[in-house]
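J.: Below you will find the structure I want to go over with you.
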């Protein structure tokens, strides 16, 4: 006689890269279990971060004494998981460990050998409920669903989704076919735990997916392998509205190419622009797919309402062909310049160093071209050879060497030596610590404009020079500012008074309530001369760090109540010589 099935106590664990991040996957999985499981499994959600210790994370899990622990795996948490799973197994010897996510899905054997009992591939929100029911019944018994009720987790032959099991019967079960995104599978739409999810977003980034897959098949990415499907547009609007009422910091849509359907994208852009909210909505787009109608609409967006992330990766045609990336690069530049000219949308662009056929000199050309667009953020990323990506499979033949530990970053290739990559790392450090944080923007412009006149330095060279002079790995901003001044003042024919002027005004515009570095700072007596006059202008008290005297003798002050919602910089004013 078969024992009655016993519902499982389940902990779904997400380990985020930062506290400000949230984990959409575990909430979707919880929704899938509620909707598709035949048994009433008890589900608890834990969101930890990689900055917590293994003991801290394990303690959160053990507190629930779960029968099943489900873990989402990504490149940012993969190196922490083997030790964590080992520790949990010692404390929870009867628990079953189920892994999903891109790291486990594309590297099953490794994870099955490192503590996983099961690896769920693909759409876990449909497959995990099947596995939990089968575990509850014992021995993964393949019973049929109730008469007349089709279990959507099974295929036409009533077999479960693809699940790799670390068991005596390590059978690979029939794959589940791709299906349209289910309207009800979203924590922002499900009343059963909507309040818990919304409360978890306070002060964090909230994520939303309105499409799966990608029309592109870039060799370094995994998204192109998935069939493109869309959430019905009215459901997408409803979820955008729900998140706009949350206390999330920013709402980030994780659709890989949000505007691959321009008509649909236009309607959702229009909806977001029309919302009564102070939230910012972040979209990943293909800039060359923006048509004139969309560009005209986007100019009407309230400043700071929308952020765009537009991947460029490379301008080198042989490189783009080698990675199967199709883009009209001239159109990319044209549309990005149009958006930046409007000044109401924050633009993030990126390049990837280490792609095939791109030498250091060729990459410098891509960098300079991208930098001159004037985007608010230019990310210099490094090629990562992800499990399951076409480029990882080709790496040996191409001669690309990469780190075997996550995040699998390139070490060298026929086009980049280790020294080249070291130089790129120095450049990236300076770029990240200045330009990409909105720091010393007018200073960078001044130096580049001056060196352009003397044909002395290009954008890439400037950031490399700074990165080589002072690699910033945890320096205080005051010390780093002094090092920037030292580095730039040594550039041929740089006027140090002009340089100091720019650095002082930059400091006031980018930092609130923090004293200037000693080399910029004047005495309290000098500041007190001007503070009453500025307070009279602003009509309120100001702090001693909100006003400064320039080398010219002019005074400058900042209005910390006037911040640009796109650049994040405070408004600067000049007061006549007194």
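J.: Please express the shape of the chain as an equivalent ellipsoid: the semi-axes are the square roots of 5 times the eigenvalues of the C-alpha gyration tensor, given largest first in whole angstrom.
T.: 48, 27, 24
J.: Here is a follow-up. Please say if the stretch 2-64 is rounded, prolate or oblate, where rounded means a/c under 1.5 for a ≥ b ≥ c the square roots of the C-alpha gyration tensor eigenvalues, and otherwise the choice is prolate for a/b larger than b/c and oblate otherwise? Walk me through the intermediate numbers first.
T.: Values: a/c = 4.50, a/b = 1.73, b/c = 2.60.
Oblate, because a/c is 1.5 or more while a/b does not exceed b/c.
J.: Rounded to the nearest angstrom and ordered from largest down, what semi-axes does the equivalent ellipsoid of the stretch 194-416 get from its C-alpha gyration tensor (root of 5λ)?
T.: Those come to 32, 21, 16 Å.
J.: Compute the relative contact order of the chain as a whole-number percentage, counting only Cα pairs closer than 8 Å that sit 6 or more residues apart in sequence.
T.: Computed value for the chain: 8 percent relative contact order.
J.: Roughly how tilted is helix 233-244, in degrees to the nearest 10 and between 0 and 90, from the longest Cα axis of the chain?
T.: Roughly 60 degrees between the two axes.
J.: If you take the square roots of the eigenvalues of the alpha-carbon gyration tensor of the stretch 504-575 and sort them as a ≥ b ≥ c, do you get rounded (a/c under 1.5), prolate (a/b over b/c) or oblate?
T.: Judged from the Cα gyration tensor, the stretch 504-575 comes out oblate (a/c at least 1.5, b/c at or above a/b).
J.: Okay, next question. Label 7 Å along Cα→Cβ of residue 425; the stretch 372-395 residues with amide nitrogen under 14 Å?
T.: Correct set: 382-383.
J.: Just subtract the alpha-carbon distance of residue 89 and residue 477 from 0.36 nm times their residue separation and send over the number in nm, one decimal.
T.: 135.3 nm is the gain from fully extending residue 89 to residue 477.
J.: If R₀ is 51 angstrom, what is the calculated FRET efficiency for the pair residue 326 and residue 537, using the beta carbon separation as r and rounding to 0.05?
T.: That pair, residue 326 with residue 537, gives E of 0.40.
J.: Taking the 0 to 90 degree range and rounding to the nearest ten, how far is the long axis of helix 262-274 tilted relative to the main principal axis of the chain, both from C-alpha atoms?
T.: Taking Cα atoms only, the helix is inclined about 70 degrees.
J.: A follow-up question, please. Give, in nm to one decimal, the length gained when the segment between residue 512 and residue 393 is fully stretched (0.36 nm per residue of separation minus the Cα-Cα distance).
T.: 38.0 nm
J.: Right, here's the next one. As a footprinting exposure proxy, order 352, 491 by other Cβ within 10 Å, with the fewest listed first.
T.: Going from least to most buried by this count: 491, 352.
J.: Right, here's the next one. Rounded, prolate or oblate: which fits the stretch 60-138 when a ≥ b ≥ c are the square roots of the eigenvalues of the alpha-carbon gyration tensor, with rounded for a/c under 1.5 and prolate only if a/b beats b/c?
T.: oblate
J.: Working out 0.36 nm times the residue gap between residue 361 and residue 110, then minus their Cα-Cα distance, what length gain in nm do you get to one decimal?
T.: Details: separation 251, 0.36 × 251 = 90.36 nm, distance 3.80 nm.
Going from the current span to full extension adds 86.6 nm.
J.: Sort 319, 277, 53 so the one with the fewest other Cβ atoms within 10 Å of its own Cβ comes first.
T.: On the way: 319 21, 277 17, 53 11.
Listing 319, 277, 53 from fewest to most nearby Cβ atoms yields 53, 277, 319.
J.: Which angle between 0 and 90 degrees, to the nearest 10, do you get for helix 496-510 versus the longest principal axis of the chain when only C-alpha atoms count?
T.: 40
J.: Taking only DSSP H segments of four or more residues, each worth -39500 (n - 2.57), what value at 222 nm results for the chain once the sum is divided by all its residues, to the nearest 500 deg cm²/dmol?
T.: -11500 deg cm²/dmol
Each reported figure results from applying straightforward, stated rules to the coordinates on display, with no laboratory input. This one's a predicted model, so the numbers in the text were calculated from it and none came from an experiment. Please note: Cβ atoms are built from the backbone with ideal geometry, for glycine as well, and neighbour counts cover all protein chains shown.
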